[in-house]
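A short worksheet on the structure shown next.
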Amino acid sequence: MFTGIDEVDWASLRHAYGSAEEVPGWLRALASADAAERETALDGLYGAVHHQGKVYDSTLACVPFLFSLAAREAVPERGGIVELLVRIGADSAGGDPRARSAVCANAESFVALAEDPDPGVRRAAADAVVRFLDEPGQVLELLRRRFRAERDERVLLALTDALGLFGRRNQGHADAAADLLTAQSAPPYAPAPRLAALGQLALTAPGRLPADLVPAAVRLLRDRSAQRARVPDPSDPADPDTLVGRLRRLRPSDEEGAHLLRTLHTALGDRTGDRIALLTGQLTSPDPVDRCNAVWMSAGLFREWRADYTGPVTLIGAQVKADQDRLRDAAVSVLAQLYALAAPAADDLYALVAARPELWTHRWERACPTLGGPLKALARTGDPRAVPVLAQLLAGPVAPDGLGFELTHLGRAAVPLAPALRLRLGRIPLASSAAELAPPLLSAVRAVEDTEAVPEVLRLLPGSGGRPVAWDSLVPDVIRTLEALGAAGCARPLLRDLLNTRHAALAAGALWSADGDTTAVLPVLLRELRRAGPAARRLAARRLSRLGSAARPAVPELRRVTRSGRPAGERVTAAYALWCVDGDPGPVLPVFRTAWSENPHTRAPIARCLLAMGSAAAPLRDLVAAELATPRRHTVRGSGCAGQDIPKDEALLKRCREVMAQG
């Protein structure tokens, strides 16, 4: 197994953390009789030699020894070694080709491993023969032979996934692969292999799917769950505290079931009606594990596609009443991502909040408390029933971090909290901690439009109360809050002092809102538009748009920005300012049309501009109509969904409908 291992100068080779001198010890430990020692060795190889899919010279040096270990039946748990080989070859395929070449050079070894006595080895090798063997005919015949001989259900599932991948990679053999998958999706095969075959058919040959796909899949899921309940899996040994062990603990309790249904959901793509029906079947399953898997899968559907989700959201709301902590926590977590779309579950969330005060906050070890998931999800729906509970937390000795940000979703319903917000804002120590404590509270003050909070806001500026250590980072929030409260005039001396700082555009805009005098403001905004960084230029353009015709001297510079090669967001902001100042849609609308397609994240601000432009925006209503007819969320086309992308997309749709309603 280790012939030649000591002849390799491992100390001169490198891995993710430096010298690879410990690698031969890890390789030898993979053959150890001690399970913890093997796990630690595999952890080291994943974490250093194949760190984040990267290829090092030590990675290449390991490959022959890993193949040698995988071929020895006396070595325990060889399936993990074969998995590592597959990842080395497959993960590196799009980047450094050396690792793939090293694995492909030994690809014939996977043929024998696919028929190994160890089912764990056969399971890992099923994927390997498809990825690394060069003869499609040989691979197809091997898969066909293994389907006839295989009796282990988990290996059958791996073979099914491998067959689907084979069909997608080899169009000349796609029909033959689809024939095998169709056969696998019917009796006498067990529910799990049939579900797997349906998922791969949907990915590979959707025209071969049965007409009753969703009802059939739901029946198979429930049959599988009933079968699993009759024959429970043996208890897994405790996972050691290694990277691999931690990853295992993060997996779903029914990882196999999650994979089967996730494959089917992925294949159905934009068929949201079918996916909602499938989720409904999952969420009404008698098995709480199936329901938990469904809750997590629903998150991907909600984030990516637009549809009426009242039904599944209501069913997810019902899960917060479950006795199983894992299911309840999953439901709360997904609902908190939906913001206003979680409204159909508000009654269930409120019932949980009312019944379980211990869930109002959550504390991570020694950190400050944060708002608990159920209360956060309820507040984000805009439900006023969250207000009394939030009032109790605000009145307590320590308010949860970020509470103020969540209050903004309640809008005017949070007005009764204004006195408590003022009190807490006034107690913030004028020290470095103000930079962390103040922004959420200032955000809430703006949301409730509490003009009585002006003294507490002004306190955060330089003056008799002293200057916070991190005061500079608070300037934007403080100025925006004073503007929102119509009190920018109270800070005129400070605003003038800021006209030569990085906050110049913000200060100039606030001065204009206080005095309406462009004499001092316009030169500053023009300077920022010409010389500042992208964020400051966008802010300067937005401030110029407020000045209207008084900013006419800025027209040439605004036109230059709209014609420049600058980012789409910058051009859009300048174009809207140009419209507000000059009133001519001619040079503005082409900028909007180009940016709309170029950068989907500009669509929300463009829609706001079109709404303000009224009938002048008519030539771009085709873009708006197309957006309303598009089933995929605009945020997905950019950098993916995260954070507040769902409410951002819903806000875009709302504005688009308002634009179309203008006629």
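The values are calculated or read from the model by the stated rules, or taken from the named source; none is laboratory data. Computed from a predicted model, the values in this text were never measured in an experiment. All Cβ positions, glycine included, derive from the backbone under ideal geometry; neighbour counts span all protein chains shown. These area figures cover heavy atoms from the full protein model, side chains too; ligands, DNA and RNA do not enter into them. Shrake-Rupley method; radii C 1.70, N 1.55, O 1.52, S 1.80 Å.
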Given the condition of a type in the set (Ser, Thr, Tyr), without any contact (Cβ under 8 Å) to a residue 40 or more places away in the chain and in contact with a Gly (Cβ under 9 Å, 6 or more places away or on another chain), answer yes or no: does some residue in segment 572-585 qualify? no
Of the candidates 308, 270, the one satisfying the condition of being outside any helix (DSSP H, G or I), touching a strand residue (DSSP E or B) at 6+ places or on another chain (Cβ under 8 Å) and not basic (Lys, Arg) is 270
Can you report the number of residues in segment 96-119 which are closer than 15 Å to residue 146 by Cβ and of a type outside the set (D, E, K, R)? 7
Restricted to segment 150-175, and to residues that are of a type in the set (Asp, Glu) and not in a helix (DSSP H, G or I), which residue is least open to solvent (accessible area, probe 1.4 Å)? 150
Residue pairs within 7 Å by beta carbon, gap of at least six or interchain, first lying in segment 109-137 and part of a helix (DSSP H, G or I), second of a type in the set (S, T, N, Q), listed first then second, are 136/170
Do we have residue 586 as open to solvent by 60 Å² or more (accessible area, probe 1.4 Å), farther than 23 Å from residue 482 by Cβ and not hydrophobic (A, V, I, L, M, F, W, C) here? no
For residues that are buried (at least 17 other Cβ atoms within 10 Å of the Cβ), within 19 Å of residue 339 (Cα to Cα) and small (Gly, Ala, Ser), tally how many sit in segment 384-424. 4
For residue 362, all conditions in the list (1) touching a Ser or Thr at 6+ places or on another chain (Cβ under 6 Å); (2) modelled with pLDDT of 95 or more hold save one; what is the number of the exception? (2)
Long-range neighbours under 8 Å by Cβ, at least six apart or interchain, first residue of a type in the set (S, T, N, Q) within segment 256-276, second surrounded by fewer than 18 Cβ atoms within 10 Å (Cβ to Cβ): 272/307; 272/631
For residue 526, work out the one condition from (1) surrounded by 22 or more Cβ atoms within 10 Å (Cβ to Cβ); (2) in contact with an Asp or Glu (Cβ under 9 Å, 6 or more places away or on another chain) it doesn't fulfil. (1)
Which of the residues belonging to segment 425-435 are in a helix (DSSP H, G or I), surrounded by fewer than 22 Cβ atoms within 10 Å (Cβ to Cβ) and of a type in the set (A, V, I, L, M)? 434, 435
Consider segment 582-596. How many of its residues are at pLDDT below 95 and assigned to a helix (DSSP H, G or I)? 1
Out of 113, 133, report the one residue that is surrounded by 22 or more Cβ atoms within 10 Å (Cβ to Cβ) and within 18 Å of residue 63 (Cα to Cα). 113
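For (1) at pLDDT 95 or above; (2) of a type outside the set (Gly, Ala, Ser); (3) under 30 Å from residue 418 (Cβ atoms), each residue gets a yes or a no:
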{"residue": "460", "(1), (2), (3)": "no, yes, yes"}
{"residue": "466", "(1), (2), (3)": "no, no, yes"}
{"residue": "469", "(1), (2), (3)": "no, yes, yes"}
{"residue": "473", "(1), (2), (3)": "no, no, yes"}
{"residue": "490", "(1), (2), (3)": "no, yes, yes"}
{"residue": "507", "(1), (2), (3)": "no, no, yes"}
{"residue": "520", "(1), (2), (3)": "no, no, no"}
{"residue": "528", "(1), (2), (3)": "no, yes, no"}
{"residue": "536", "(1), (2), (3)": "no, no, no"}
So which residues in segment 599-633 are more than 21 Å from residue 542 (Cα to Cα), in a helix (DSSP H, G or I) and not basic (Lys, Arg), if there are any at all? 615, 618, 619, 620, 622, 623, 624, 625, 626, 627, 628, 629
Please go through (1) within 22 Å of the chain's Cα centre (by Cα); (2) acidic (Asp, Glu); (3) surrounded by 20 or more Cβ atoms within 10 Å (Cβ to Cβ) for residue 348 and return the number of the only condition it doesn't satisfy. (1)
Please find, among 183, 178, 196, 192, the residue that is open to solvent by less than 10 Å² (accessible area, probe 1.4 Å), under 16 Å from residue 140 (Cα atoms) and assigned to a helix (DSSP H, G or I). 178
Scan segment 635-649 and tell me whether some residue there is open to solvent by 50 Å² or more (accessible area, probe 1.4 Å), of a type outside the set (S, T, N, Q) and modelled with pLDDT of 95 or more. no
Scan segment 72-83 and give yes if some residue there is touching a Gly at 6+ places or on another chain (Cβ under 6 Å) and modelled with pLDDT of 95 or more, otherwise no. yes
Tell me, please, whether a residue that is under 30 Å from residue 325 (Cβ atoms), in a helix (DSSP H, G or I) and in contact with a strand residue (DSSP E or B) (Cβ under 9 Å, 6 or more places away or on another chain) can be found in segment 409-422. no
Of the residues 658, 598, 650, 627, which is touching a residue at least 60 places away in the same chain (Cβ under 8 Å) and of a type in the set (Asp, Glu)? 650
Hand me the list of helices (runs of 4 or more DSSP H) wholly inside segment 436-538 holding 2 or more residues that are within 38 Å of the chain's Cα centre (by Cα), of a type in the set (A, V, I, L, M, F, W, C) and under 24 Å from residue 548 (Cβ atoms). 471-484, 504-515, 518-531
